Amino acid sequence: MRRPWRRRGVARALIFGALLALRERGLTSAVLGVDADNPTGARGLYEAVGFRRERVAIVHRKPADQA
(Lines give C-alpha, C1' and ligand atoms only; values in the text may rest on other atoms or scores of the structure.)
Protein backbone atom coordinates (compact mmCIF):
# COMPACT_ATOMS: atom_id res chain seq x y z
CA MET A 1 0.00 0.00 0.00
CA ARG A 2 2.81 2.46 0.78
CA ARG A 3 4.87 1.66 -2.30
CA PRO A 4 2.96 4.03 -4.65
CA TRP A 5 3.81 6.92 -2.32
CA ARG A 6 7.54 6.25 -2.21
CA ARG A 7 9.98 8.57 -3.96
CA ARG A 8 7.46 11.45 -4.06
CA GLY A 9 8.94 13.60 -1.33
CA VAL A 10 6.20 12.97 1.24
CA ALA A 11 8.58 11.85 4.02
CA ARG A 12 11.02 14.67 3.25
CA ALA A 13 8.20 17.24 3.45
CA LEU A 14 6.98 15.80 6.77
CA ILE A 15 10.49 15.88 8.23
CA PHE A 16 11.11 19.46 7.16
CA GLY A 17 7.70 20.50 8.51
CA ALA A 18 8.45 18.88 11.86
CA LEU A 19 11.90 20.48 12.02
CA LEU A 20 10.42 23.90 11.23
CA ALA A 21 7.82 23.47 13.99
CA LEU A 22 10.56 22.52 16.46
CA ARG A 23 12.66 25.54 15.48
CA GLU A 24 9.63 27.83 15.85
CA ARG A 25 9.33 26.53 19.41
CA GLY A 26 12.93 27.42 20.15
CA LEU A 27 14.61 24.04 19.82
CA THR A 28 18.06 24.07 18.26
CA SER A 29 18.47 20.39 17.41
CA ALA A 30 16.54 17.20 16.85
CA VAL A 31 17.42 13.57 17.49
CA LEU A 32 15.84 10.46 16.07
CA GLY A 33 16.46 6.75 16.11
CA VAL A 34 16.43 4.42 13.14
CA ASP A 35 16.91 0.72 12.61
CA ALA A 36 20.19 0.50 10.69
CA ASP A 37 18.87 -2.60 8.92
CA ASN A 38 15.65 -0.90 7.83
CA PRO A 39 14.98 -2.14 4.27
CA THR A 40 13.02 0.99 3.26
CA GLY A 41 16.03 3.30 3.17
CA ALA A 42 15.00 5.40 6.15
CA ARG A 43 18.59 5.96 7.23
CA GLY A 44 19.49 7.29 3.79
CA LEU A 45 16.53 9.67 3.88
CA TYR A 46 17.51 11.02 7.30
CA GLU A 47 21.09 11.55 6.17
CA ALA A 48 19.86 13.24 2.97
CA VAL A 49 17.95 15.85 5.01
CA GLY A 50 20.95 16.62 7.18
CA PHE A 51 20.91 14.18 10.08
CA ARG A 52 24.29 12.65 10.85
CA ARG A 53 25.01 9.42 12.68
CA GLU A 54 26.21 10.21 16.16
CA ARG A 55 26.31 6.80 17.79
CA VAL A 56 25.28 3.23 17.23
CA ALA A 57 23.37 1.24 19.82
CA ILE A 58 22.82 -2.46 19.99
CA VAL A 59 19.59 -3.50 21.62
CA HIS A 60 18.90 -7.05 22.78
CA ARG A 61 15.33 -8.10 23.41
CA LYS A 62 13.82 -11.31 24.70
CA PRO A 63 10.13 -11.98 25.26
CA ALA A 64 9.41 -12.54 28.96
CA ASP A 65 7.36 -15.67 28.23
CA GLN A 66 10.34 -17.55 26.79
CA ALA A 67 12.57 -19.46 29.21
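The values are calculated or read from the model by the stated rules, or taken from the named source; none is laboratory data. Remember, it's a predicted structure, so these values are computed and weren't measured experimentally. Quick reminder, even Gly has a Cβ in these numbers, built from the backbone with ideal geometry, and neighbours come from all protein chains shown.
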* Asked: Mind checking which residues of region 20-30 are over 12 Å from the mean Cα position of the chain (by Cα) and either outside any loop (DSSP other than H, G, I, E, B) or surrounded by 11 or more Cβ atoms within 10 Å (Cβ to Cβ) (or both)?
  -> LEU20, ALA21, LEU22, ARG23, GLU24
* To do: Give just the number: which of (1) at pLDDT 90 or above; (2) in a loop (DSSP other than H, G, I, E, B) does LEU14 not satisfy?
  => (2)
* Asked: Does at least one position in region 31-53 carry a residue that is more than 11 Å from the chain's Cα centre (by Cα), loosely packed, with under 10 Cβ neighbours inside 10 Å, β-branched (Val, Ile, Thr) and in a loop (DSSP other than H, G, I, E, B)?
  -> no
